[in-house]
Amino acid sequence: MASILSDKSSIKSYFQNTASEYEKYVGSTSSRLAAAALSLLPLSSYTSSSHILDSASGPGIVTKLILSPSPEDVAVPGLPISPPPRVTGIDYVPAMIDNFKANKASLNWTTADAFVQDSQDLGRFKDAEFDAVVMNLGMFTLNDPVAGAAEMYRVLKPGGYAVITTWKTRRAVDVLQAVVDTIKPDGGLRPMYMPPEWLTKEKLISIMESGGFPSDHVKSSESSPNWECGSGEGAVKALRSPMWTTKLWEGWSPEEIGRWDDEVRKQLSDEEKETGTLEMSAWIVVAHKA
Ligand SMILES: C[S@@+](CC[C@H](N)C(=O)[O-])C[C@H]1O[C@@H](n2cnc3c(N)ncnc32)[C@H](O)[C@@H]1O
């Protein structure tokens, strides 16, 4: 079955086309995971002369936690970092960087900057430039993740930390897949497919080790940032957002599209209908440059 993220160029155009919706639909889940990742860094050691890279930044989910007051459901001691460090965001999708810059302007991030840049090629940064590199939900999209990890190692100061994340389980994607399988039993597109190896901590660990981080300096942990939609109908609404459906529904008949919401309702458990929470769990790997 083909996927809406079938190759690296479709991933780029997917994020270009969905950039304006990213924060609205998945920003809070992503932010909870980013907060868990940031909590593993020595936040209290950073100062105004520290420099942090928000790699594959999207609209600046990580930067927002570092520089702005956290949302109510995030309580990580040391966030936001004060006084604010310098933060640089990079993303290879121009629309994501436009959204980063809009956040910078509206939230007055005076110490942040952002550039359109592939995370695999950090050539614009000098060796030992950063105190920390954070890549939340980005490593699995790189053409050459080991090269990306080696670049992280190069741009980190000795003693610096890189933290990366990937999904472990994705109930939202399982629901989307089940609905597609029901409406299109002869084969629709696969929603948000990730090769199974990328849902393991071992993959993240081996990438960081191959990138140059010593194995005894690479540690993994887990987090459950869940997708909180407020109510069952909130989940139904979120799962029909153009972020998921624009590409999936290409070539579908009005009758097939008309069945979507009901099929989503059938997939949700009683508890999910009551709470609007879809379980999402993730791996976090922190690597330390000695
Ligand atoms: C799932 S989003 C994560 C965004 C953000 N880090 C967060 O915490 O929500 C993945 C992001 O990685 C970006 N991306 C994917 N491949 C990239 C690459 N090779 N270089 C830079 N950015 C990339 C996408 O454009 C998208 O903004």
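The values are calculated or read from the model by the stated rules, or taken from the named source; none is laboratory data. Owing to the predicted nature of the structure, the values given are computational and were not obtained by experimental measurement. Cβ sites come from the backbone with ideal geometry, for glycine too, and all protein chains shown count toward neighbours.
Scanning for something outside any loop (DSSP other than H, G, I, E, B), of a type in the set (Ser, Thr, Tyr), modelled with pLDDT of 95 or more and within 30 Å of Ala132 (Cβ to Cβ), does the range 267-276 turn up at least one residue?
Checked the range 267-276: no residue is outside any loop (DSSP other than H, G, I, E, B), of a type in the set (Ser, Thr, Tyr), modelled with pLDDT of 95 or more and within 30 Å of Ala132 (Cβ to Cβ).
Can you name the residue in the range 171-216 that is of a type in the set (Val, Ile, Thr) and in contact with a Ser or Thr (Cβ under 9 Å, 6 or more places away or on another chain) and, of all such residues, is surrounded by the fewest Cβ atoms within 10 Å (Cβ to Cβ)?
Within the range 171-216, the match that is surrounded by the fewest Cβ atoms within 10 Å (Cβ to Cβ) is Thr200.
Can you name the condition, by its number, that Gly89 falls short on among (1) modelled with pLDDT of 95 or more; (2) more than 17 Å from Ala114 (Cα to Cα)?
(2)
Determine the pairs where a residue that is farther than 30 Å from Glu21 by Cα and of a type in the set (Val, Ile, Thr), located within the range 43-62, has a partner that is within 16 Å of the ligand (Cβ to nearest atom) and in a loop (DSSP other than H, G, I, E, B) with Cβ atoms under 7 Å apart, the partner being 6 or more residues away or on another chain.
Listed pairs, sorted by first residue: none to list.
Step by step: first the residues of the range 230-276, then only those that are hydroxyl-bearing (Ser, Thr, Tyr) and closer than 18 Å to Glu23 by Cα, then the one that is surrounded by the most Cβ atoms within 10 Å (Cβ to Cβ). Which residue is that?
Ranking the candidates gives Thr245 first.
Looking for something within 15 Å of the ligand (Cβ to nearest atom), surrounded by 24 or more Cβ atoms within 10 Å (Cβ to Cβ), at pLDDT 95 or above and basic (Lys, Arg) - is there at least one such residue anywhere in the range 59-71?
yes
Only one of Trp252, Trp260 is part of a helix (DSSP H, G or I) and either of a type in the set (Val, Ile, Thr) or in contact (Cβ under 8 Å) with a residue 60 or more places away in the chain (or both); which?
Unique residue meeting the criteria: Trp260.
Out of the range 81-92, which residues are within 10 Å of the ligand (Cβ to nearest atom) and part of a strand (DSSP E or B)?
Gly89, Ile90, Asp91
Report, ordered by the first and then the second residue, all pairs with beta carbons closer than 6 Å, sequence separation of six or more or different chains, a first member in the range 120-145 that is near the ligand (Cβ under 8 Å from one of its atoms), and a second member that is assigned to a strand (DSSP E or B) and hydroxyl-bearing (Ser, Thr, Tyr).
Close Cβ pairs (under 6 Å, with a partner that is assigned to a strand (DSSP E or B) and hydroxyl-bearing (Ser, Thr, Tyr)) amount to Met135/Ser55; Asn136/Thr165; Leu137/Thr165.
Can you pull out every residue in the range 18-49 that is within 21 Å of Pro84 (Cβ to Cβ), touching a Pro at 6+ places or on another chain (Cβ under 6 Å) and crowded, with 19+ Cβ neighbours inside 10 Å?
Glu23, Tyr46
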